[in-house]
Amino acid sequence: MHMKTSTIYNFNAGPAMLPVAVIQKAQEEFLDYQGTGMSIMEMSHRGSVFQNVLDTAESDLRELIGIPKDYSVVFCPGGATLQFSAVALNLLNAEETASYSLTGVWSVKAFKEAKKFANLVTNIFDGEKTSFRTIPDIKESDLHPASRFLYLTSNNTIYGTRYAKFPDVSIPIVADMTSELLSRQIDINRFGVIFAGAQKNIGPSGLTVLIVRNDLLREMRHPIPVLLDWKILAKNQSLYNTPPTYSIYIAGLVFSWLKELGGIAAIEKINEEKANKLYTYLDSSGFYEVPITQPYRSTMNVVFHLKNKDLEKNFVEESENFGLFGLQGHRDAGGMRASIYNAMPIEGVDQLIEFLKGFEKKWG
Ligand SMILES: *Cc1c(COP(=O)(O)O)cnc(C)c1O
């Protein structure tokens, strides 16, 4: 039975499409998880069946990314936004400082949130001056000298930019990788903390993956709400309270799908091929325009404009008739956006290019 057809492609930025194989597997196991006679959703989070799902998800994630033992992996409740507060609460006492690089809406939000709890965080890059179209080349000398960490958003979902290379600094990097974790190889040792809301590249919304180097977990001088306290979450291995069990199960299916595909190196190659194809076509056309230049372009979120803005409504309408959904850009960036996360097959990008060509032919 094929509930999903290959003629519909979902380019939503998030919640985004999941691999069809994952959704089908979840469907097969929905009523009766591996002969238990129960749905995984109905099971105790303390039981051995779910424990096994959780342990496998964690070990697969560790294997995929290459996470060493001195880092904790936590499946957190709440979206990535909740971690904006957690970063400040767990890493900064009142008089301590951090440097924030503001390359888009999400880092600006994280910065504002951190300021509520630690008023000494500093903004070391104001991307708004270039309409968030660039990424800084951050050097040690750019940091506030007392900084405990450098905060950045590795891929800017809304503007379609990313750090092609990560800064080489002596302090830990804290990275919001919501829209690109698992899409490219990273050297985890460069990072103190990585977090990612699941709905872009991992699984259902409301679940966030947190990876934190254990030496950064320390007693703070202020109280921390228990579910934001990384020490408590890590010590209890994601089971301090009832975690989002079904979401963790789906994330686990995504991890094993990725492993079968050949891991991050394999998907990174595919992702580069997809993005290159799309950018190459857009650059070659006089009808469309990519506002972001190399080397800042994201491989996950391809932002583009129609030179004739009056056609935007037609574009969205006709693309949907063609079976391509979610191409309307974010209201802050304008234009169009094709989110081509891990789950988007190359055929989806081919379909999009075919549509782009036809639309240009019709209206250009
Ligand atoms: C989507 C997104 C968020 C927000 O995630 P929520 O789960 O809605 O809180 C944060 N950061 C980045 C980079 C995102 O793409």
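Here, each number is a calculation from the coordinates, and none is a lab measurement. Values in this document were obtained by computation on a predicted structure and should not be read as measured data. Neighbour counts are summed over all protein chains in view; Cβ atoms, including those assigned to glycine, are modelled from backbone coordinates with ideal geometry.
Dipole size in debye (nearest 20) for the chain around its Cα centre, Lys and Arg Cβ +1, Asp and Glu Cβ -1?
Approximately 540 debye in magnitude.
List every residue whose amide H lies under 5 Å from the amide H of residue 121, counting only residues 5 or more places away in sequence or on a different chain, with H placed 1.01 Å from N in the peptide plane.
98
Rounded, prolate or oblate: which one fits the chain, using the alpha carbon gyration tensor with axes a ≥ b ≥ c (rounded when a/c is under 1.5, else prolate when a/b beats b/c, else oblate)?
oblate
Just flag the trypsin sites (Lys or Arg not before Pro) in region 23-120 sitting in loop per DSSP whose Cβ has no more than 11 other Cβ atoms within 10 Å.
46, 69
Residue-wise, which Karplus ³J(HN,Hα) couplings in Hz belong to region 85-96, taking 6.51 cos²θ - 1.76 cosθ + 1.60, θ = phi - 60°, and x for glycine or proline?
Result, rounded to whole Hz: 6, 4, 4, 5, 5, 8, 10, 10, 6, 3, 9, 8.
Please give me, ordered by residue number, the trypsin sites (Lys or Arg not before Pro) of region 143-231 that lie in loop per DSSP and have at most 14 other Cβ atoms within 10 Å.
Qualifying residues, ordered by number: 165, 218, 221.
Using the charge dipole of region 128-240 (Lys, Arg: +1 at Cβ; Asp, Glu: -1 at Cβ; taken about the Cα centre), state which of 174, 157, 135 has its Cα farthest towards the positive end.
Result: 157, furthest along the dipole toward the positive end.
With both bridge residues required to lie in the chain, what share of the DSSP beta bridges run antiparallel, to the nearest 5%?
55
About the Cα centre of region 24-117, how large is the charge dipole given +1 on each Lys and Arg Cβ and -1 on each Asp and Glu Cβ? Please answer in debye to the nearest 20.
500
Among 110, 189, 349, whose Cα projects farthest towards the positive end of the dipole of the chain, with charges put on the beta-carbon of Lys, Arg (+1) and Asp, Glu (-1)?
Of the candidates, 110 comes out farthest on the positive side.
Across region 279-285, in residue order, what do the Karplus-derived ³J(HN,Hα) couplings come to in whole Hz, using 6.51 cos²θ - 1.76 cosθ + 1.60 with θ = phi - 60° and x for Gly and Pro?
4, 4, 5, 4, 5, 7, 9
What residues have an amide H closer than 5 Å to that of residue 38, excluding those fewer than 5 places away on the same chain, when H is modeled at 1.01 Å from N in the peptide plane?
For residue 38, the qualifying residues are 33.
Treat the count of other C-beta atoms within 10 Å as a stand-in for reagent exposure and order 240, 9, 33 from fewest to most.
Lowest to highest Cβ neighbour count: 240, 33, 9.
Using Cα pairs under 8 angstrom and six or more residues apart, how large is the relative contact order of region 67-128, in percent?
Answer for region 67-128 is 36 percent.
With an 8 Å Cα cut-off and a minimum separation of 6 or more residues, compute the relative contact order for the chain in percent.
23
Please arrange 355, 30, 166 by counting, for each residue, the other beta carbons lying within 10 Å of its beta carbon, fewest first.
Taking fewest neighbouring Cβ atoms as first place, the list is 30, 166, 355.
So in region 171-240, what percent of DSSP beta bridges are antiparallel if you round to the nearest 5?
55
According to the square roots a ≥ b ≥ c of the eigenvalues of the Cα gyration tensor, what is the shape class of region 77-216, taking rounded for a/c under 1.5, prolate for a/b larger than b/c otherwise, and oblate for the remainder?
Because its axes are fairly even, with a/c under 1.5, region 77-216 counts as rounded.
Using the count of nearby Cβ atoms within 10 Å as a rough guide to exposure, how do 105, 49 rank from fewest to most?
Starting with the residue having the fewest Cβ neighbours, the order is 49, 105.
For the chain, with the dipole built from +1 on Lys and Arg beta-carbon atoms and -1 on Asp and Glu ones, taken about the Cα centre, which of 18, 34, 239 lies farthest toward the positive end?
Final value for the positive-end residue is 239.
Report, in debye and to the nearest 20, how large the dipole of region 233-320 comes out about its Cα centre when Lys and Arg carry +1 and Asp and Glu carry -1 on their Cβ.
420
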